[in-house]
Each structure stands twice: as C-alpha cells, then as structure tokens.
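Where a number appears in this text, it was derived from the coordinates with a stated rule and is not lab data. Nothing here was measured: the structure is a model prediction, and the numbers come from that model. With ideal geometry, Cβ positions are generated from the backbone for all residues, glycine too; neighbour counts draw on all protein chains shown.
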Amino acid sequence: MTHQGSVAYIEDIARYEGQPVVIRGWLHNRRSSGKIHFLTLRDGSGFIQAVMSKAAVDEDTFRRADHLTQETSLIVSGTVRADSRAPGGFELDASTLEIVGTSVDYPITPKEHGVDYLMDRRHLWIRSERQHAILRVRAEVIAAVRRFFDDRGFILADTPIFTPAACEGTTTLFPVQYFDDTTAYLTQSGQLYNEADAMALGLVYCFGPTFRAEKSKTRRHLTEFWMVEPEVAFATLEDVITLAEDLVVSVVQRVLERRMPELKRLERDVSKLEQVQKPFPRISYDEAVTMLNAKGQPFEWGGDFGAPDETVLASSFDRPVAVHRYPSKIKAFYMEPDPERPDVALCVDVLAPEGYGEIIGGSQRIADYDLLVRRIKEHDLPPEAFEWYLDLRRYGSVPHGGFGMGIERVVTWICGLDHLREAIPYARMLYRIYP
Ligand code: 4AD
Ligand code: MG
C-alpha cells in the first residue's frame with residue numbers, strides 16, 4: 001500500500017491544510033454509516049477525525065475500516081481539510097489505511113468506568129483524551145519550572161535519593177536496606193543537600209522524585225511525588241516569598257500560553273487561572289487563625305491547618321495566598337525562628353485558590369550552629385547523621401532559604417482535578433503500587 005504525503009503529527013496539522021499527509025497512530029473511536037466511516041485517530045500529539053467515504057477509496061480499504069476495533073494501530077493517509085466544527089479545527093479526508101497491530105477487546109470503552117478499574121489499567125487509561133491532556137499540561141509545568149530557574153541563573157544540582165536521615169519528620173520515612181547492615185531512607189526532600197549546594201553555587205535548585213510514607217488516604221497525598229526546590233544563599237523569608245510568587249505566576253502563564261487546547265478539553269475555567277497575578281496576598285498564621293474563627297471554622301492557635309481550613313482561607317482570595325510565620329512547634333527542625341517572636345518560624349506555605357490547598361512550603365533556615373544543634377536534639381534526630389549539615393554552620397554560615405513546590409499539587413490545581421492520582425503518570429499511594 002502506498003501512502004501519500006509526508007508524515008505529520010496531529011498537533012502540527014494546521015501547517016498542512018490542503019495537503020496530503022500520513023498519520024501514524026491508533027484508532028480512538030469509530031462511527032460508521034453505510035457510505036462513510038468516521039475514524040477518530042490519535043497519535044500521541046493529538047486527536048483528529050478521519051473521514052473515509054466509500055466513493056473515495058477502493059472497496060477493500062472501505063471494508064477493512066468497517067471492522068476496525070478500538071486501539072488498533074494504523075497508518076492513514078489523506079488530505080487535510082479545515083472544518084470549523086472539528087475540535088481541532090481540521091479533519092482528514094482519508095485515502096489509504098494500513099493496519100499495523102490489531103487490538104482485541106480493549107478494556108477501556110467509551111462508557112463510564114470506576115476509578116479503581118481505571119487505575120488498575122493506568123498504562124492504558126493514559127491513552128484517553130482527558131489523561132492525555134493532563135499529562136501534556138504536566139510536561140508543560142515541568143518545562144516552565146526549569147525555564148524559570150535556568151533563566152534566572154539558578155544552577156541545577158541533583159540531590160541524592162538514598163539518604164541517611166530524615167528531612168521532614170521521622171514518621172513518613174521509607175527505609176531501604178542498603179547492603180548488609182545499613183538502613184538508608186528514600187529522600188523526603190533534597191533541601192539539606194540543597195543548602196550545601198547553595199553555599200557552593202549561590203543559587204541552586206533540585207528537581208526530582210521525593211518519597212513520604214503517608215499512611216493516610218487523601219486526595220492530596222502521594223507516597224512518591226515530584227518536587228522542585230530552589231535554595232538561595234543570603235535569602236530572607238521575604239526573598240523566598242517573592243521567588244515563590246514569581247515562579248507560580250510564570251508557570252501558570254506559560255501553561256495558559258501553550259496548553260490552552262488541553263485546558264479546554266479539561267473544561268477548566270481559565271478565567272480563574274488568568275487571575276493568578278502578582279502580588280499574592282500575604283497573611284500571617286495569626287491572621288489566618290483569626291480569619292478562620294471569623295468565618296465560622298473554629299481553630300485554636302498552635303495547630304496545623306487541615307485541608308478544610310486551607311480551603312476556607314483560600315476562598316477569601318482570587319489568587320494564591322502566602323501564609324507565613326507558623327508556630328515553630330508544628331514545623332520542621334531547620335526553620336529559623338522569627339527574631340522578634342521566637343515561638344513562630346520564618347516560614348511560608350503558599351495555598352492555591354479554589355480549595356486546592358498547599359502547593360509550596362518553604363522557609364529561612366537556621367544559620368546559627370548552637371541553635372541548630374539544639375533543634376536536632378529536640379527533634380530526636382540522630383546527631384551523627386547531621387554532622388555534615390552542621391559544617392555549613394561551622395564554615396561561613398549565612399542566612400539562606402528556599403522552598404519546595406509539589407508538581408502534582410500544581411498540576412491538580414491548574415487542571416482542576418479532584419485527586420492527585422491523575423496528575424502523575426503512575427501514582428503511588430497507600431494501596432496502590434500497580435501497574
Ligand atoms: O512542605 P513540604 O513538606 O516542604 C519540604 O519538603 C521542604 N523541605 C521544601 C524546601 O523548603 N526545600 O513539601 C513541599 C511541597 C508541599 O507544599 C506540597 O506541594 C508537596 O511538596 N508535597 C506533596 N505532594 C504530594 N504528596 C505528598 N505526600 C506531599 N507532601 C508534600
Ligand atoms: Mg508543607
């Protein structure tokens with residue numbers, strides 16, 4: 001069979017209007033009348049409808065198209081035609097059809113399936129239009145994050161995944177047998193190494209998978225998630241908040257610029273995302289507590305905000321809100337106390353609007369050697385594991401700070417999803433490690 005035209009990706013199809021092209025992909029869906037087959041093709045870059053009329057192809061080709069099953073892989077050639085009714089603006093008038101691989105009883109049909117059924121078939125579910133759109137937004141978020149830091153002179157410094165000790169509390173550590181007699185832990189955050197890297201390179205970021213043995217089943221927690229973490233020498237809490245704000249605005253802007261078709265497919269209300277502009281409101285933890293109580297959500301000073309509290313707080317604003325200066329007691333050991341009020345830490349959480357919760361957590365770090373030693377003891381952390389970290393306070397300690405932004409939280413918010421499990425190709429959760 002000879003296909004006519006050059007190989008094209010559906011994403012670029014506008015460039016080929018009126019021309020013959022070859023599309024290589026899979027059959028997403030099919031509708032047929034006696035004289036016409038409507039074949040929805042997908043090739044990874046997008047979806048397009050190929051129209052095959054009986055009059056335009058030979059008998060054999062038309063008959064083969066009649067029996068095509070969902071997810072059959074195929075090569076179709078045809079002429080690109082603009083059509084304002086088509087979702088992507090174009091259709092293909094098909095002239096040839098070659099079947100590459102058959103597909104028998106594809107388990108995910110256009111009918112509704114339950115989430116567990118779909119998660120068990122995640123390796124196939126990602127072929128669906130919705131999941132396809134989400135994963136493309138995710139890739140854009142990641143590209144936007146890298147571009148943001150690279151353009152600002154940040155050096156990417158990778159931090160280890162096998163680590164000797166906790167960074168974010170000992171209750172969510174994943175132990176790993178490290179050869180015969182050592183226990184290592186999967187990293188919860190690259191931050192501690194990032195701090196060392198910032199003392200060497202000034203402006204740094206790490207970006208990789210992080211792990212938390214979260215034993216609760218929530219919409220917002222994965223056991224394996226991707227986090228980007230900048231760290232800046234000489235930065236104060238103010239600098240950290242400003243950097244977080246710039247990053248979030250820049251990422252949302254880039255997704256709006258480059259992934260509008262995907263956001264539309266997800267039926268995302270983009271006007272909400274367009275409001276994400278500087279400056280973000282900043283409120284202290286104290287103010288947040290007052291706000292909660294005033295809004296009929298009783299909350300006692302000293303506790304950590306739960307998801308419902310974060311939703312109430314965020315609902316007062318049309319853009320992300322930076323909540324700063326939480327009580328030191330509920331925060332990590334490394335956070336610098338506020339010199340004016342040592343019971344609160346120079347830290348910040350950025351809460352996404354519309355009830356999506358915390359997307360960023362960060363702080364200024366303790367710069368003083370003695371205080372840091374004391375905190376390590378108070379938190380019952382093994383001092384020997386932190387000797388190298390204490391060196392940063394022995395040899396030219398400076399104020400510094402940074403934050404971590406969870407990629408799946410951001411993707412969930414930008415895409416308007418109900419649950420983090422769809423924001424990563426293969427979610428890892430309390431009861432899920434397959435496929
Ligand atoms: O607030 P967290 O725990 O902060 C840290 O790990 C710091 N060491 C980061 C730093 O300062 N360098 O986590 C940061 C972000 C959260 O705001 C959230 O977006 C995400 O990581 N996150 C999770 N995402 C998915 N599943 C989980 N279990 C998450 N835990 C945190
Ligand atoms: Mg946090």
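Quick one: Karplus J couplings for segment 222-228, per residue in order, coefficients 6.51, -1.76, 1.60, θ = phi - 60°, nearest Hz, x for Gly and Pro?
Coupling constants for segment 222-228: 10, 8, 10, 9, 9, 10, 9 Hz.
Taking the Cα centre of each part, how many Å lie between segment 1-51 and segment 122-169?
Between the Cα centres of segment 1-51 and segment 122-169 lies a distance of 31 Å.
In degrees, nearest 10, range 0 to 90: what is the angle between the Cα axis of helix 191-201 and the longest Cα principal axis of the chain?
So the helix axis and the longest Cα principal axis differ by about 80 degrees.
Sort 43-53, 169-179, 143-153 for me by packing, meaning the mean count of neighbouring Cβ atoms within 10 Å per residue, highest on top.
43-53, 143-153, 169-179
Taking square-rooted eigenvalues a ≥ b ≥ c of the alpha carbon gyration tensor, is segment 281-434 rounded, prolate or oblate, where a/c under 1.5 means rounded and, failing that, a/b exceeding b/c means prolate?
Verdict is oblate for segment 281-434.
Helix 369-378 against the longest principal axis of the chain: what's the angle in degrees, Cα atoms only, rounded to the nearest 10?
Orientation of helix 369-378: about 70 degrees from the principal axis.
Cα axis of helix 285-294 to longest principal axis of the chain: angle in degrees, 0 to 90, nearest 10?
Between helix and principal axis, roughly 70 degrees.
Which residue, Leu68, Ala244, Gly406, has the largest displacement toward the positive end of the dipole of the chain when charges sit on each Cβ (Lys, Arg +1; Asp, Glu -1)?
Leu68
Ranked highest first by the average count of other Cβ atoms within 10 Å around their residues, in what order do 351-361, 29-39 fall?
Highest-to-lowest ranking by the protection proxy: 351-361, 29-39.
Restricting to Cα pairs below 8 Å that are 6+ residues apart, what does the relative contact order work out to for segment 301-371? Please round to a whole percent.
Computed value for segment 301-371: 32 percent relative contact order.
Of the options Leu392, Pro279, Pro435, report the single residue whose Cα projects farthest towards the positive end of the charge dipole of the chain (beta-carbon charges: Lys, Arg +1; Asp, Glu -1).
Pro435
What is the count of Lys pairs in the chain whose alpha carbons sit under 17 Å apart, if the two are 8 or more places apart or on different chains?
Count of close lysine pairs: 4.
May I ask you to order 211-221, 298-308, 248-258 by the average number of other C-beta atoms within 10 Å around their residues, highest value first?
248-258, 211-221, 298-308
Please report Met335, Met291 as a ranked list, fewest other C-beta atoms within 10 angstrom at the top and most at the bottom.
If I rank by nearby Cβ atoms, fewest first, I get Met291, Met335.
Which whole-angstrom value gives the distance between the alpha carbon centres of segment 323-400 and segment 53-110?
Measuring centre to centre over Cα atoms gives 58 Å.
Taking only C-alpha pairs under 8 Å that are 6+ residues apart, what is the relative contact order of segment 233-363 in percent?
23
Shape call for segment 151-283 from the C-alpha gyration tensor, a ≥ b ≥ c root eigenvalues: rounded (a/c under 1.5), prolate (a/b greater than b/c) or oblate?
Here segment 151-283 falls in the oblate category.
Pick out, from Ile330, Trp226, Leu381, the residue whose Cα sits farthest towards the positive end of the charge dipole of the chain, with +1 on the Cβ of Lys and Arg and -1 on the Cβ of Asp and Glu.
Going by the Cα projections, it comes out as Trp226.
Let me check against my output: what whole-number percent is the relative contact order of the chain, with C-alpha pairs under 8 Å and at least 6 apart?
Value for the chain: 14 percent.
Dipole of the chain, Cα-centred, from +1 at each Lys and Arg C-beta and -1 at each Asp and Glu C-beta, to the nearest 20 debye?
The dipole magnitude comes to about 1400 debye.
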